[in-house]
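Below is one structure; the comments refer to it alone.
The values are calculated or read from the model by the stated rules, or taken from the named source; none is laboratory data. For clarity, every value in this text was computed on a predicted model and none was experimentally measured. So basically every Cβ, Gly included, is an ideal-geometry build from the backbone, and we count neighbours across all protein chains shown. Accessible surface areas use protein heavy atoms only, side chains included; no ligands, DNA or RNA. Shrake-Rupley method; radii C 1.70, N 1.55, O 1.52, S 1.80 Å.
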Amino acid sequence: MSELKKYNVDSFNLDHTKVTAPFVRIAAKKTGAKGDAVTKFDIRITQPNKEFMPTGAVHTIEHIVAEYLRDEIEDVIDFSPMGCRTGFYLTVWGDCDEEYITKHLLPVFKKVVEWEGEIPAANEIQCGNYKDMNLEQAKYFASKWVDGIESKGWNCYK
């Protein structure tokens, strides 16, 4: 097999056949012109090219985690789904590591697993696709991430 082309997008250069989900991985670290550091994490829930989350599950996890993540990590810039629907990207100010992020993500993902009631901002005024939510699927995938991280740790190569 010939050498694969390298791309500007960090995740396109990850060998998706060598990682083992679930995991937390530093996807990129950037330093701005004024010295501000930004770190982007790959929060992988399902095994790439083996399983993916339906959009309702992704959307529901995103709403709950995006709201409550800021209670655990004060320097959150963004929590957004991956196009491949196997996980999320978490972007934060500063230079922190996978262990710190994992420790603070676990209680938030546990909130998804235990969630009862209304999904935050799941209405016509606050969401552009509020009908595409599925709490039961969100709980299943959040539980899968929590169980996997608690049993194997955050490392993507275990």
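For Val58, state whether it is open to solvent by 40 Å² or more (accessible area, probe 1.4 Å), among the β-branched types (Val, Ile, Thr) and either out of contact with any Cys (no Cβ under 7 Å at 6 or more places or on another chain) or assigned to a loop (DSSP other than H, G, I, E, B) (or both). Break it down stepwise before answering.
Working: open to solvent by 40 Å² or more (accessible area, probe 1.4 Å): no; among the β-branched types (Val, Ile, Thr): yes; either out of contact with any Cys (no Cβ under 7 Å at 6 or more places or on another chain) or assigned to a loop (DSSP other than H, G, I, E, B) (or both): yes.
Answer is no for this residue.
I need the full set of residues from segment 58-88 which are touching a Lys or Arg at 6+ places or on another chain (Cβ under 6 Å) and closer than 15 Å to Lys40 by Cβ, in order please.
Matches in segment 58-88: Val76, Gly87.
Is it fair to say Lys18 is modelled with pLDDT of 95 or more and either surrounded by fewer than 10 Cβ atoms within 10 Å (Cβ to Cβ) or under 24 Å from Tyr157 (Cα atoms) (or both)?
On the way: modelled with pLDDT of 95 or more: no; either surrounded by fewer than 10 Cβ atoms within 10 Å (Cβ to Cβ) or under 24 Å from Tyr157 (Cα atoms) (or both): yes.
When the stated conditions are applied, Lys18 does not pass them.
Is there any pair with a first residue in segment 108-128 that is among the basic types (Lys, Arg) and a second that is modelled with pLDDT of 95 or more and open to solvent by 50 Å² or more (accessible area, probe 1.4 Å) whose Cβ atoms are under 8 Å apart and which are 6 or more apart or on different chains, and what are they?
Lys111/Tyr68
Quickly run through segment 120-138 and pick out the residues that are surrounded by 15 or more Cβ atoms within 10 Å (Cβ to Cβ) and in contact with an Asp or Glu (Cβ under 8 Å, 6 or more places away or on another chain).
Answer for segment 120-138, where residues must be surrounded by 15 or more Cβ atoms within 10 Å (Cβ to Cβ) and in contact with an Asp or Glu (Cβ under 8 Å, 6 or more places away or on another chain): Pro120, Tyr130.
If a residue has to be within 29 Å of Asp36 (Cβ to Cβ) and either assigned to a loop (DSSP other than H, G, I, E, B) or open to solvent by 70 Å² or more (accessible area, probe 1.4 Å) (or both) to count, how many in segment 87-119 make the cut? Show your work before the answer.
We begin by selecting, within segment 87-119, every residue within 29 Å of Asp36 (Cβ to Cβ); these are 87-109.
Subsequent filtering for residues that are either assigned to a loop (DSSP other than H, G, I, E, B) or open to solvent by 70 Å² or more (accessible area, probe 1.4 Å) (or both) retains 93-97, 99-100, 103.
Number of matching residues: 8.
Give segment 21-53 a look and list any residue that's of a type in the set (Lys, Arg) and surrounded by 10 or more Cβ atoms within 10 Å (Cβ to Cβ), or say none. Reasoning before the result, please.
So in segment 21-53, the residues of a type in the set (Lys, Arg) come out as 25, 29-30, 34, 40, 44, 50.
Those that are of a type in the set (Lys, Arg) and surrounded by 10 or more Cβ atoms within 10 Å (Cβ to Cβ): Arg25, Lys29, Lys30, Lys40, Arg44.
Output the residues belonging to segment 140-158 that are surrounded by fewer than 18 Cβ atoms within 10 Å (Cβ to Cβ) and in a helix (DSSP H, G or I).
Across segment 140-158, the qualifying residues are Tyr140, Ser143, Asp147, Glu150, Ser151, Lys152.
Open to solvent by 10 Å² or more (accessible area, probe 1.4 Å) and either assigned to a loop (DSSP other than H, G, I, E, B) or under 19 Å from Lys152 (Cβ atoms) (or both) - does that describe any residue in segment 69-76? Quick ask: steps written out before the conclusion?
Pass one, segment 69-76, residues open to solvent by 10 Å² or more (accessible area, probe 1.4 Å): 70-72, 74-76.
Okay, now just the ones that are also either assigned to a loop (DSSP other than H, G, I, E, B) or under 19 Å from Lys152 (Cβ atoms) (or both), so 74-75.
Yes - at least one qualifying residue is present in segment 69-76.
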